[in-house]
1. Under a 1.4 angstrom probe, counting protein chains only, how are W319, W47 ranked by accessible area, largest first?
2. Give, rounded to the nearest 20 debye, the magnitude of the charge dipole that region 1-154 has about its Cα centre when Lys and Arg contribute +1 at Cβ and Asp and Glu contribute -1 at Cβ.
3. Considering the options V280, G152, T205, tell which one lies farthest towards the positive end of the dipole of the chain, charges being +1 on Lys and Arg and -1 on Asp and Glu at the Cβ, about the Cα centre.
4. Rounded to the nearest 20 Debye, what is the dipole magnitude of the chain about its Cα centre when Lys and Arg each give +1 and Asp and Glu each give -1 at the C-beta?
5. For the chain, modelled as a GNM with alpha-carbon contacts under 10 angstrom, which of E13, E289, E272 fluctuates the most?
6. Please work out the Cα center distance from region 203-220 to region 86-154, rounded to the nearest Å.
7. What fraction of the Cα pairs in the chain, stated in percent, has a spacing above 26 angstrom?
8. Taking Cα atoms, how many degrees apart are the long axis of helix 85-101 and the longest axis of the chain, rounded to 10 and kept between 0 and 90?
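The values are calculated or read from the model by the stated rules, or taken from the named source; none is laboratory data. This one's a predicted model, so the numbers in the text were calculated from it and none came from an experiment. Cβ placement follows ideal geometry from the backbone for every residue including glycine, while neighbour counts extend to all protein chains displayed. The area values use the complete protein model at the heavy-atom level, side chains included, leaving out ligands, DNA and RNA. Shrake-Rupley method; radii C 1.70, N 1.55, O 1.52, S 1.80 Å.
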Amino acid sequence: MGDLQEEDEVLFERRGHLGVVTLNRPKAVNALNHGMVKAMLRQLVAWADDDSVQTVLVRGAGDRGLCAGGDIVAIYKDMLHGGTETAAFWADEYRLNLLISQYPKPYVAFMDGLVLGGGVGVSAHGSVRVVTERTRTGMPETTIGFVPDVGGTLLLSRAPGEAGTHAALTGAHLSGGDALFLGLADHFVPSDSLPALAEALESSTAEAAVERFAQAAPDSALAAQRGWIDPAYAYDDAEEIVRSLREAGGEAASAADTIEAKSPTSVKVALESLRRVRGVTLEEALDQEYRVGLRCLAGPDFREGIRAQVVDKDRNPQWKPANLADVQASDVEGYFAPLGERELGLAALGAKTT
């Protein structure tokens, strides 16, 4: 398929009037790197103008999931060497997220298995988002000292009540039913029907093909927890949220424990990020996430979080500051300051995504 140097890590093929994108790093649960993102951008731009391609399908190789997120080991190495590759990767990744959201043809994403972080970015902005009984999705960035990105702050800010705030601060893994409830997905299809659905997409419209295989979704556990989620997460202050969760007890108190184990800085910046993106465009949200992301690269917790989770794997990050109370409002504010010449500038460019 063309002359893409990265084609081993992301495969492109035509089947009937269907363009198929297969993320192809199964040992890494198809974690995204810069080469894969650039290849997807090029191919999706080409297919957008190709009248013989009526629908695009994105799926993951192997049986573990669509995509476990960005390649955080590569990000860690870049941070250690003071590089600029991560900033360039995110700039192209966010352009890809925006292109997907504006795609002129049905963009079908098979959100089977793990769909985390950057995996949400290449699926949940699409027009036909399919989950299964195996789906485990979410934005677990606070676990590694980072903040939801790839437009995730905007997606979660639009969720019913405060369910998106809960998902962002706890980094919870969510089921297919939860994804539908949050607005991250549209249809539930059993995983063993996905090959037949993919085949149907080669000749049928996306709408007709999905209608043939979609079933009633299982209930969302998250939806059932709104009774304590909505009041506890209504605050704009993370310490107030934790206090309220503790007062509620039970599952809510467990959520408080989870939040207090995350990077305190990330928790506060994530909360502020969600509050700031209410009612803005995806371009504006991605511009803000880029500002926040570059500040995370420069701070201590992102590097420490990756070290603890995937490098040394001691699961014992030493956050700085170590407590929510020690993260000042001025510290949080600094994450949102303009970047000057380094701004991503998607909002200023309008719909230009190439």
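1. Values: W319 30, W47 5 Å².
The residues order as W319, W47, largest area first.
2. Working: 14 positive and 19 negative charges, 82 e Å.
Rounded to the nearest 20 debye, it is 400 debye.
3. Sorting the options by dipole projection puts first G152.
4. Working: 33 positive and 51 negative charges, 38 e Å.
Its charge dipole is roughly 180 debye.
5. Highest fluctuation among the options: E13.
6. The two parts, judged by their Cα centres, are 20 Å apart.
7. Numbers: 29534 of 62481 pairs.
Value for the chain (Cα pairs over 26 Å): 47 percent.
8. Helix 85-101 sits roughly 60 degrees off the main axis of the chain.
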